[in-house]
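For reference, the structure discussed in these notes is given below.
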Amino acid sequence: MTGGLSETKSATPETQKIVDEVKSQFEKKSNEKYDCFEAAEYKTQVVAGTMYFVKVRVGGDQYAHLKVFQPLPHTNKPMELSDYQTGKTKDEELTYF
């Protein structure tokens, strides 16, 4: 479905690969370093590519929500961390931001 967010799905190895690709961008933007960076769940939005909204455990019971843009394959552009929210919990729902 173009435009709307998908249902929440459990993270997969592919989701972990996506967050691993943008980890350095997140650390730079948030001015923090994270030893733990585990994708927990995600939603997608189809745009001119795919926007991933991913809940990531960053240590203990602390989570961050990442908004990652994956351009269409033919563009040969890298993944981009579009936005993020910190201070989240395991039970907070992923929403559009």
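Nothing in this text is a laboratory measurement; each read-out follows from the coordinates by a stated rule. If you're wondering where the values come from, they're calculated on a predicted model, not measured in any experiment. So basically every Cβ, Gly included, is an ideal-geometry build from the backbone, and we count neighbours across all protein chains shown.
Annotations
- Counting only residues that are within 10 Å of the chain's Cα centre (by Cα) and closer than 18 Å to residue 12 by Cβ, region 41-66 holds 12 of them.
- Among the residues of region 66-85, just one is over 15 Å from residue 21 (Cα atoms) and assigned to a strand (DSSP E or B), namely 85.
- Residue within region 5-16 that is outside any loop (DSSP other than H, G, I, E, B), free of Cβ contacts under 8 Å to residues at least 40 places away in the same chain, surrounded by fewer than 16 Cβ atoms within 10 Å (Cβ to Cβ) and hydroxyl-bearing (Ser, Thr, Tyr) present: yes
- Failed criterion for residue 61 (all others in (1) in contact with a strand residue (DSSP E or B) (Cβ under 8 Å, 6 or more places away or on another chain); (2) in contact (Cβ under 8 Å) with a residue 24 or more places away in the chain hold): (1)
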